[in-house]
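Quick notes on the structure that follows.
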Amino acid sequence: MIVHAYYDEDPRVRREAESLVAAGRPVDVFGLRRDGDAPTGELAGVTVHRLDVRRHQGAGLLTYLAEYLAFLARASWALVRAHRRRRYALVQVHTPPDFLAFAALPLRLVGVPLLLDLHEAMPEFFRSRFPRASNPLVHGVLLLTERISIGLAGAAVTVNEAMRNRLVEAVGVAPAKVGVVANSPSLARFDAAAFSRRPFAEDGTVRLVYAGALTPVYEVDVVVDAVAELRAARPELRVAFDVYGRGDAHDPLVERARTLGLANEVRFHGRIPIEDVPGAVARADIGIAPTRRDPFTDVSLSTKVFEYAAMGKPVVASRLPMVEQTFPTGTVATYEPGDPGDLAKAILAIVDDPLAREAAVERTAAIVADHAWEHEAERYIALVNALARDTRTP
């Protein structure tokens, strides 16, 4: 596997790699290396090769491009060298960027199959992340790059049906070439029974939680504003908001909370290991999945919704197409993206109606159980076994 990320921080890549190891296939992952990390290591049976490319979160476009190209070159060279010893049966490339598929080209030329795992819609992501640099020409180039990258692969997977439909209809990918491996959590990891159950607001404080990236895609600032509105509307109601994560929006968010006089109510804990996220959610009362709405997020579904629900927590999420399609009325509470007042109302509805709250938790948990990684893993492993050139089924 090749992924432009720190392997231990990417839940999807880890779920897939660990599932393959559990099924009897050895897995090597080539990813980024942090300062102080060993060049190679092992995590849950997966061999991790960490390449010396520095990540520049929140940097400008040219810095990102240079970083991507440097990683592509290093990953391709490392893969070629390792293949001499390991004789890989399959290479799986995780995007973004889409052109990272070319890191596997040397092995593709000698007959090693390639599986492309498209985590995001790269053209829409670029438009969302770099609006000033986006124009029809750039968008067309990104669509072409996406199409060529998929063409280089023997098969592609993506995270949901909306993404698959986009690839078929807008990009022109043959329907038989692209499948869905849902980005859902493992119930073995997000197991509410493994933690002490917290009665709702048992200490007199309604505890909100967000665990994820602090980037412009996720409107954590709207949650901070909603906490301020809750304090103004219901001063007798104690509300705390725990934020777990890092990103280029961290400092502005801290300043926003300070300016609103919420330094005590809004607490930033930094990034925590994936293994610690379930415990952080277990200590909360309501999980918040705030996402800005744009063409990029219209085809995405936050895994945070599944994680909070798996831990038996009521969830409030932005009212996005995939959220409404996956979670009908009476499950996940939704609010109008960008509207802190509507978010505050959704939170108060959960606080003020215990019966509806518990019913929503039960209904949402049933949907999450149907979409759990334990089900998705079977389809994913079958696809890998079908593509791998050793043709064996462990």
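The values are calculated or read from the model by the stated rules, or taken from the named source; none is laboratory data. Source: prediction; values computed, not measured. FYI the Cβ positions are ideal-geometry reconstructions off the backbone, even for glycines, and counts take in every protein chain you see. With ligands, DNA and RNA removed, areas are computed over all heavy atoms of the protein, side chains included. Shrake-Rupley method; radii C 1.70, N 1.55, O 1.52, S 1.80 Å.
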**Asked** Any residue at all in the range 3-10 that is assigned to a loop (DSSP other than H, G, I, E, B), over 26 Å from residue 251 (Cβ atoms) and in contact (Cβ under 8 Å) with a residue 60 or more places away in the chain?
**Response** yes
**Item:** Complete set of residues in the range 17-46 that are open to solvent by 40 Å² or more (accessible area, probe 1.4 Å), within 26 Å of residue 386 (Cβ to Cβ) and part of a strand (DSSP E or B)
**Value:** none
**Item:** Qualifying positions in the range 77-91 - outside any helix (DSSP H, G or I) and open to solvent by 10 Å² or more (accessible area, probe 1.4 Å)
**Value:** 87, 88, 89, 90
**residue 316 among the β-branched types (Val, Ile, Thr), open to solvent by less than 40 Å² (accessible area, probe 1.4 Å) and over 16 Å from residue 333 (Cα atoms)** = no
**Asked** Hey, among 231, 238, 292, 256, which residue is in contact (Cβ under 8 Å) with a residue 12 or more places away in the chain and either under 24 Å from residue 8 (Cβ atoms) or surrounded by fewer than 17 Cβ atoms within 10 Å (Cβ to Cβ) (or both)?
**Response** 238
**Asked** How many of the residues in the range 98-157 are closer than 18 Å to residue 79 by Cα and of a type in the set (S, T, N, Q)?
**Response** 1
**Prompt:** Which ones in the range 329-371 are in contact with a Lys or Arg (Cβ under 8 Å, 6 or more places away or on another chain) and either open to solvent by 60 Å² or more (accessible area, probe 1.4 Å) or not in a helix (DSSP H, G or I) (or both)?
**Reply:** 330, 331, 334, 335, 336, 337, 338
**Request:** Return the only residue of 162, 176, 188 being assigned to a helix (DSSP H, G or I), open to solvent by 10 Å² or more (accessible area, probe 1.4 Å), of a type in the set (A, V, I, L, M, F, W, C) and closer than 27 Å to residue 366 by Cα.
**Result:** 162
**Prompt:** In the range 107-138, which residues are part of a helix (DSSP H, G or I) and aliphatic (A, V, I, L, M)?
**Reply:** 107, 109, 122, 137, 138
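Looking at the range 109-125, which of its residues are open to solvent by 50 Å² or more (accessible area, probe 1.4 Å) and under 29 Å from residue 296 (Cβ atoms)?
120
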**Prompt:** Does residue 73 satisfy the condition of being surrounded by 13 or more Cβ atoms within 10 Å (Cβ to Cβ), of a type in the set (Gly, Ala, Ser), under 14 Å from residue 31 (Cβ atoms) and at pLDDT 95 or above?
**Reply:** no
**Request:** Determine, yes or no, whether residue 209 is free of Cβ contacts under 8 Å to residues at least 60 places away in the same chain, buried (at least 20 other Cβ atoms within 10 Å of the Cβ) and part of a strand (DSSP E or B).
**Result:** no
**Prompt:** For residue 129, are the conditions met, namely being free of Cβ contacts under 8 Å to residues at least 40 places away in the same chain, open to solvent by 40 Å² or more (accessible area, probe 1.4 Å), over 21 Å from residue 384 (Cβ atoms) and basic (Lys, Arg)?
**Reply:** no
**Message:** I'd like to know if the range 32-45 contains one or more residues that are among the hydrophobic types (A, V, I, L, M, F, W, C), within 24 Å of residue 102 (Cα to Cα) and in contact (Cβ under 8 Å) with a residue 40 or more places away in the chain.
**Reply:** no
**Asked** Take the residues of the range 264-311 that are more than 17 Å from residue 216 (Cβ to Cβ) and assigned to a strand (DSSP E or B): which is nearest to the chain's Cα centre (by Cα)?
**Response** 287
**Message:** Kindly evaluate residue 154 against the criterion of being touching a residue at least 40 places away in the same chain (Cβ under 8 Å), farther than 25 Å from residue 326 by Cβ and not β-branched (Val, Ile, Thr).
**Reply:** yes
**Fill in**
Flagged in the range 139-156 as part of a helix (DSSP H, G or I), open to solvent by less than 40 Å² (accessible area, probe 1.4 Å) and of a type outside the set (D, E, K, R), in numbering order, are 139, 140, 142, 143, 145, 149, 150, 152
